1. Taking amide hydrogens as modeled 1.01 Å from N in the peptide plane, which residues meet the under 5 Å criterion relative to SER160, leaving out close sequence neighbours?
2. Select from ARG233, ARG106, ARG338 the residue whose mean-square fluctuation is largest in a Gaussian network model of the chain (Cα-Cα springs shorter than 10 Å).
3. Using alpha carbons only, how many angstrom separate the centre of segment 195-250 from the centre of segment 363-422?
4. Working from Cα positions, state the angle (0 to 90°, nearest 10) between the long axis of helix 18-32 and the longest principal axis of the chain.
5. Between segment 65-103 and segment 129-172, what is the separation of their alpha carbon centroids in Å?
6. In segment 2-241, how does Rg compare with the Kirkwood Rh, expressed as the Rg/Rh ratio over alpha carbon atoms?
7. Taking square-rooted eigenvalues a ≥ b ≥ c of the alpha carbon gyration tensor, is segment 146-241 rounded, prolate or oblate, where a/c under 1.5 means rounded and, failing that, a/b exceeding b/c means prolate?
8. Given the options ALA101, ALA88, ALA272, state which has the largest fluctuation in a GNM of the chain using a 10 Å cut-off (strictly under) for Cα springs.
Amino acid sequence: MRVAILSSEAVPFAKTGGLGDVSGALPKALQEAGVDARLILPRYWQVDPKLINGELIESVPVEWRGQVHNVRFSQSDAAGAPAYLVEAPELFDRSSIYGHADDHIRFAFFSRAALALLKHLNWKPDVVHGNDWPCGFAAAELRKRRRDDPFFQRVGSLFSLHNVGYQGQFDPRDLWWLGFGESPERDDFMLNRAASALKAGIMSADALSTVSPRYAREIQTPEQGHGLDWLLRSRGDRLFGITNGVDYGIWNPETDPHIAQYYSASDLSGKAACKMDLLRRFGLQQNPERPIIASVSRLVAQKGFDLIQQISGALLNLGVYVVALGTGAREYEDFLQRWHDLAPQQVGIFKGYGGEPLAHQIEAGTDMFLMPSLYEPCGLNQMYSMRYGTVPIVRATGGLDDTVQNFDPHTGQGTGFKFGPY
């Protein structure tokens, strides 16, 4: 079986969140299962040149805005599977991966270039697997091409919804020169008075998946469907909830090269050394008897930071250490800074993406991991935490509810603590 995986981000090349982790780990896992899986993503300036180790593919013809452009692709095997990176510096050499006014143009081009590459290589996949709104264009483009291009006629499509809150909305007038200005494609994009790449992906794909069974149910409700619940209910027979997995070759305290000392479930002694190392890194008092509570997250309302604000004083009064890493909304970044300034020996913060080593060091060194999300499609840190002997404290929503077993004091069974009301 052949599978082409399209994603706007994937480790080790580029990452802003869980999508990058999953998109980087999945091709390797499929390869190990005997599937010929290949990854396609943009080449951002943030991609480490050392990861590019394959022959450059020159002159892939891509039709774009009425002209044929010759596009280059870099190659790499750094993800454990063949990866192709679209080279378009004018679109992808930006200060950040997302957040630009022309994001819809950037990822529409990426999707078209990815399909052009498949045909150029004469590598016909059984399935094109797109992820989140940036790849909604690919699902729509593939469905259109199957009507008149024999190469794509028997190629199926899977569209994975990692977070339906991000819908890739843009001015519908741009649909004309993106190639989707006529019905039925235009209708597939339209959501109220805007065009939505996510909606187009949902409408166009042969099958849909989400990142946990509970989230698949939740997004079919008005409360968590973000205006698309009606559409997702209509496609419910083609919607599957599949819990994200973890690459335990990378997330393993017995072999993790980033942590101060190895340890295992049968011998946790090394975790104490990791805790002291974490306290030193964040400049906190080094009292091993005090627990550390950590958060590694985008700083947005979805992640429950208003709840963390409400309990911030109580946590200080309890004497626990707090370690927080993330970037996002200014109000939450300012809150973390004030919290740190109030108790600099007790609250350690890192505003920004600290890199993979620091994320591993936090999981290894902390005692508890806090994830009070308003909604959480799957979540990965709670699974990393359980692998590293760190107790997750989560809200019972989405994948957090699917993956964490609430501790029962009567039986002594459980893997973490869950709460319900928000």
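What follows draws every value from the coordinates through simple rules; no lab data is involved. Everything numeric here is computed off the predicted structure, so don't read it as measured data. Counting neighbours? That spans all protein chains shown, and the Cβs are built from the backbone with ideal geometry, glycine included.
1. GLY130, ASN131, ASP132, SER209
2. ARG338
3. 22 Å
4. 70 degrees
5. Comparing the Cα centres of segment 65-103 and segment 129-172, I get a distance of 17 Å.
6. 0.94
7. oblate
8. ALA101
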